[in-house]
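Visitor: This structure is in structure tokens; I'll ask about it shortly.
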Amino acid sequence: MRIIITLGVAIFSVASVLAQRVTGTVRTSGERLPFATVVIGNNEKALVTDEKGDFEFDGLREGTFYISAEFVGYKKLVKKFHVHQGEDVVVNFNLEEDSKLDEIVISGTLKPVSKSEAVVPVEIYNPTFFAKNPTANLFDAVQMINGVQPQLNCNVCNTGDIHINGMEGPYTMILIDGMPIVSSLSTVYGLFGIPTSLIDRVEVVKGPASSLYGTEAMGGIINVITKDPEKAAQLALDAFSTTWQEHNVDMGASYKLGKNANGLFGGNYFKFGNLKDSNNDGFTDVTQQERVSVFNKFSFNRPSEKAASLALRYVYEDRWGGQTNWKRKQHRGGEEVYAESIFTNRFEAIGMYQLPTTENIYTQFSYIYHQQNSMYGPESYNAKQQVAFAQAYWDKTIGNHSLLVGSSFKYTYYNDNTRATGIYDEHGLVKNQAQETPIPGVFIQDEWKLNDKNKVLLGYRFDYDQKHKGIHSPRLGYKYTPHPHHTIRGSFGTGFRVVNVFTEDHRALTGAREVVFAEDLKPEKSYNVNLNYTFKVPANFGVLNFDINGFYTYFTNKIDADTDTDQYKIIYANLDGHAISQGVSANVDLTLDIPLKIMAGVTYMDVYRKEEGERNQIYHSPKWSGNVIASYNFGHGFTADVTSDWKGPMRLPRVENDYRPEYSPWTVLANVQVTKKFNKGFEVYGGVKNLFNTLPKEDPIARWWDPFGEPGNGVTPPDGRTDIIFEPNDYSYTPLQGIRGFLGVRYHLF
């Protein structure tokens, strides 16, 4: 009997100790979060919340425990609780989004704001993204961004520009730290001098931003944010080479200057001197290049904690492309062997200073000096450009209104040896005279928070051009957030652009065609509407971010470079009609609980001009394009990245009796990379570029067998080739670089 009583007491005692329950709910911003992971102790007990975000643990003993809740895309939260005999415990969680996934953006409104709160949709790309496919410059790096297309405009010197949503490169404004650094003359070659090693992030805004950034931001902006010297690594090194003998070295080093100043020095060296002619046309497949870029940025710690920084950069580049037997000393500027040889010297200065006042008043400035010495066969193009830009703005919050009021002044000096700056009399050219263009402007912006779900952005800018007088740029944006995981954004804006043909269009320089202006060119105007919808889908496998964007732009007075009417001429005139860029793009970003991350995007666009009832597609604007990026972490320091971008058929410029097809075929450029990370910040990476060896099916250079001749000069074309003029430009839809391997090392010391 005593044994039975003792056993009963023991069973009751154990039951009373283990009978306690812990229940709770995991939420985010007040919304229940299903399929979150909840763990007690060191993984002693673990479960996943149900579809309502609820969880329950049974059978806990008396004592003190730690419990955590986590979910992909949110910060892990740990709590401490006590279990007493006979009492149940309730523990609730409210998880915050990980700030790394909701980054701070500047480009949309000129002031820092979290990406999720921004009225203007901004895409962010950090160095980790670009490291998935190592490149030597920004121009090649942005190829992985959906809706952004780096386009080669010359098959000899490999100049290029960046298209956004099918709109030509001059409509894209490239900023460095918010300052208009790459524009006009430097759009041709300046893009290649921006190393990726100093990039903290790249912000992309698709659609006009003229109300803040001025008249050139008609198609969109790409803002390159450089690293903060105070937060940068003490030493960073990235070097790689390819089997094509391309060599690139990036180096960065942060340092202190006394107690109140921090510095960041960066250097880049790129060399490609391997004469490649895989298609046997006698011309280099890739331009020979040697480039040096040095950069130094200072940030200052002021007692008032106000911002102050200064950045300086110098770029020197020597590039040439052409017939493989070309020698600089013997043939540069001559008519025996054709080549295009360009020397570039470029200096930039960028600064910010916040005034020591109780109000938030910022001043910014930039200065650019760009000198170019070029020979396109026997044709010379020597140009010098200086651009000074300064602005001041007041950032003020009044109730639910976040105001921005400012003024700016831009001064451009430009001179060259072409007819662009020529002064003529009845006998012809008298001299070349520099063009000086001052453009003052004022702007105002109001970001009005109606309530937690609705926000409105109102903006207006007025610029004054001496020739074109007043330029008005209004802007309207709206953001609606019916749910923390769903956001709708809409925007409207206008654009205005004054075109300088010789600084923006490489075809006007090469001498392959005569440049003809059919009329005095009027400024281009545009009207743009964008609609964006984003949502985040939490699930038991991870987080799915989805983004879809519709865009429509209507152009009047669009500058048309007519190469079809006369194969010997480029005829520039305002379009007697209109042009339209419209379409839709979608991006999917999937982060899984397993170490796999997938990004994919697709864009459909219809970009055309209409004149006298005739509709024609704009060149280099594929109706379909997209990208796919997949990254997998194998553990033990090994990761693999597969990156690819693809384009559908696009219309290409041709000449009379051209043997080349009017539309390009479908193309896919794929790359694979494997990285091994070691201890103490050291890693080795390698892989294959252009995995499928995608190459043009036709030689992109027309009449490559006779670059100085014209039809009828007695030169017999090769079999199957029509007797056409020499034309090295524009017929480009994929690079001439085939499959190649690469190997590199990185080192970071913090």
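The values are calculated or read from the model by the stated rules, or taken from the named source; none is laboratory data. Fair warning: this is a prediction, and the values are worked out from it, not measured in the lab. Every residue, glycine as well, gets a Cβ built from its backbone with ideal geometry; the counts of neighbours run over all protein chains shown.
Conditions tested, residue by residue: (1) part of a strand (DSSP E or B); (2) in contact with a helix residue (DSSP H, G or I) (Cβ under 9 Å, 6 or more places away or on another chain); (3) surrounded by fewer than 21 Cβ atoms within 10 Å (Cβ to Cβ).
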{"site": "ILE222", "(1), (2), (3)": "yes, yes, no"}
{"site": "ASP228", "(1), (2), (3)": "no, no, yes"}
{"site": "ALA232", "(1), (2), (3)": "no, yes, no"}
{"site": "ALA236", "(1), (2), (3)": "yes, yes, no"}
{"site": "SER241", "(1), (2), (3)": "yes, no, yes"}
{"site": "ASP250", "(1), (2), (3)": "yes, yes, no"}
{"site": "LYS259", "(1), (2), (3)": "no, no, yes"}
{"site": "LEU264", "(1), (2), (3)": "yes, yes, no"}
{"site": "LYS271", "(1), (2), (3)": "yes, no, yes"}
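Visitor: In the set PRO665, PRO707, PRO661, which member is in contact (Cβ under 8 Å) with a residue 24 or more places away in the chain, under 30 Å from the mean Cα position of the chain (by Cα) and not in a strand (DSSP E or B)?
Guide: Being in contact (Cβ under 8 Å) with a residue 24 or more places away in the chain, under 30 Å from the mean Cα position of the chain (by Cα) and not in a strand (DSSP E or B) holds for just one of PRO665, PRO707, PRO661, which is PRO665.
Visitor: Could you go through the range 393-408 and let me know if any residue there is polar (S, T, N, Q), surrounded by 16 or more Cβ atoms within 10 Å (Cβ to Cβ) and free of Cβ contacts under 8 Å to residues at least 60 places away in the same chain.
Guide: Scanning the range 393-408, I find no residue that is polar (S, T, N, Q), surrounded by 16 or more Cβ atoms within 10 Å (Cβ to Cβ) and free of Cβ contacts under 8 Å to residues at least 60 places away in the same chain, so the answer is no.
Visitor: Still on this structure, please answer the following. Given (1) among the charged types (D, E, K, R); (2) surrounded by fewer than 22 Cβ atoms within 10 Å (Cβ to Cβ); (3) closer than 23 Å to PHE389 by Cβ, where does ARG328 come up short, assuming only one miss?
Guide: Every condition holds for ARG328 apart from (3).
Yes/no matrix, rows are residues, columns are (1) outside any strand (DSSP E or B); (2) among the hydrophobic types (A, V, I, L, M, F, W, C):
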{"site": "GLY583", "(1), (2)": "no, no"}
{"site": "ASP589", "(1), (2)": "no, no"}
{"site": "ILE598", "(1), (2)": "no, yes"}
{"site": "GLY601", "(1), (2)": "no, no"}
{"site": "LYS610", "(1), (2)": "no, no"}
{"site": "SER621", "(1), (2)": "yes, no"}
{"site": "ILE629", "(1), (2)": "no, yes"}
{"site": "ASN633", "(1), (2)": "no, no"}
{"site": "ALA640", "(1), (2)": "no, yes"}
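Visitor: Sticking with this one: Could you tell me which residue of the range 610-662 is farthest from PHE678 (Cα to Cα), considering only residues that are buried (at least 16 other Cβ atoms within 10 Å of the Cβ) and charged (D, E, K, R)?
Guide: Checked the range 610-662; the qualifying residue farthest from PHE678 (Cα to Cα) is ASP658.
Visitor: I need the full set of residues from the range 642-658 which are assigned to a loop (DSSP other than H, G, I, E, B) and in contact (Cβ under 8 Å) with a residue 40 or more places away in the chain, in order please.
Guide: Within the range 642-658, MET650, LEU652, PRO653, ARG654, VAL655, GLU656, ASN657, ASP658 qualify.
Visitor: Just to verify a result, which residue in the range 674-688, among those that are at pLDDT 95 or above and among the hydrophobic types (A, V, I, L, M, F, W, C), is farthest from the chain's Cα centre (by Cα)?
Guide: The qualifying residue farthest from the chain's Cα centre (by Cα) is VAL684.
Visitor: Can you pull out every residue in the range 57-86 that is modelled with pLDDT of 80 or more and either of a type in the set (S, T, N, Q) or assigned to a loop (DSSP other than H, G, I, E, B) (or both)?
Guide: Selection gives ARG61, GLU62, THR64, SER68, LYS76, HIS84, GLN85.
Visitor: Got a number for residues in the range 357-382 being surrounded by fewer than 21 Cβ atoms within 10 Å (Cβ to Cβ) and more than 30 Å from GLU117 (Cα to Cα)?
Guide: Matching residues across the range 357-382 total 8.
Visitor: From the list ILE598, ILE629, which residue is within 28 Å of the chain's Cα centre (by Cα), aliphatic (A, V, I, L, M), over 24 Å from GLN151 (Cα atoms) and at pLDDT 90 or above?
Guide: ILE598
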